[in-house]
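The values are calculated or read from the model by the stated rules, or taken from the named source; none is laboratory data. No experiment lies behind these values; they were computed from the predicted model shown. Using ideal geometry, Cβ is built from the backbone for each residue, glycine included, and neighbour counts are taken over all protein chains shown. Accessible surface is based on the protein model in full, side chains and every heavy atom, while ligands, DNA and RNA are left aside. Shrake-Rupley method; radii C 1.70, N 1.55, O 1.52, S 1.80 Å.
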Amino acid sequence: MFGIDDPFIILPYLLSVVCVVFAAWFGLKYWNKDDKKDETLGLIVVAYLLSLAYLGFLGYKKTTSASDYLVGGRQMNPIVMALSYGATFISASAIVGFGGVAAAFGMGIQWLCFLNMFIGVVIAFIFFGLRTRRMGAKLNVSTFPQLLGRHLRSRNIQVFIAAVIFIGMPLYAAVVMKGGAVFIEQIFQIDFNL
């Protein structure tokens, strides 16, 4: 598929199709036709899913190699890459989490959120972004475990870091999804325990 030898490259696309089908089924099952709020929220979700499907289709058509899929073919604008990194790093665990902490302990704690974003994103990109990008291109790597493994010339480090990410990422994703769900529950007054 797309000229990529890895047979598992189709898995993210299949997962997105399963998520869209599940979201549609769930929306139709619990849709209250008498409530205008449900209708508006449903239209927003449908518009979001359609735009997501369109962007996914565009990405599908332009993906011809593993490098295209993992690092945008190394042609991505640095500003877009910085925004993508920032959106990944500063996710629901930081924004919603710090918001909840601030609600519980007072708004004075928001300096933690600012420092997290400023040091974690801005300072990291200013001091490490260009150097890391050049190192990745020089070593011809696409993932963080590959970068560390080839830079330190150690297959064991590469496998260890990949295992840590493989085990830790589902836990992190669960926390982010829970944070987003609680946020949506509070903002739209939707019962989380349907």
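Kindly list, by first and then second residue, each pair from a residue in segment 168-182 that is within 14 Å of Phe98 (Cα to Cα) to a residue that is outside any helix (DSSP H, G or I) and not hydrophobic (A, V, I, L, M, F, W, C), limited to pairs with Cβ atoms under 7 Å and residues at least 6 apart or on different chains.
That search, which allows pairs on different chains as well, returns Val176/Ser91.
Would you pick out the residues in segment 124-134 that are open to solvent by less than 40 Å² (accessible area, probe 1.4 Å) and either touching a Leu at 6+ places or on another chain (Cβ under 7 Å) or within 23 Å of Asp68 (Cβ to Cβ) (or both)?
Gly129
Condition first: of a type in the set (S, T, N, Q), loosely packed, with under 11 Cβ neighbours inside 10 Å and either under 25 Å from the mean Cα position of the chain (by Cα) or under 21 Å from Gly72 (Cβ atoms) (or both). Now tell me which residues in segment 135-167 satisfy that.
The one that is of a type in the set (S, T, N, Q), loosely packed, with under 11 Cβ neighbours inside 10 Å and either under 25 Å from the mean Cα position of the chain (by Cα) or under 21 Å from Gly72 (Cβ atoms) (or both): Asn140.
Can Val121 be described as open to solvent by less than 50 Å² (accessible area, probe 1.4 Å), of a type in the set (A, V, I, L, M) and within 16 Å of Ser67 (Cβ to Cβ)?
For Val121, the condition - open to solvent by less than 50 Å² (accessible area, probe 1.4 Å), of a type in the set (A, V, I, L, M) and within 16 Å of Ser67 (Cβ to Cβ) - is not met.
Every residue, every condition in (1) under 21 Å from Leu83 (Cβ atoms); (2) of a type in the set (Lys, Arg), yes or no:
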residue: Leu130; (1), (2): yes, no
residue: Arg133; (1), (2): yes, yes
residue: Thr143; (1), (2): yes, no
residue: Leu148; (1), (2): no, no
residue: Asn156; (1), (2): no, no
residue: Ala162; (1), (2): no, no
residue: Ala181; (1), (2): no, no
residue: Ile187; (1), (2): no, no
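At least 3 residues that are in contact with a Lys or Arg (Cβ under 6 Å, 6 or more places away or on another chain) and aromatic (Phe, Trp, Tyr) in each: list the helices (runs of 4 or more DSSP H) lying fully within segment 109-194 that qualify.
By residue number, no helices (runs of 4 or more DSSP H) qualify.
Just to be sure I understand, how many residues within segment 88-105 are at pLDDT below 75 and exposed (fewer than 15 other Cβ atoms within 10 Å of the Cβ)?
The number of residues fulfilling the criteria is 6.
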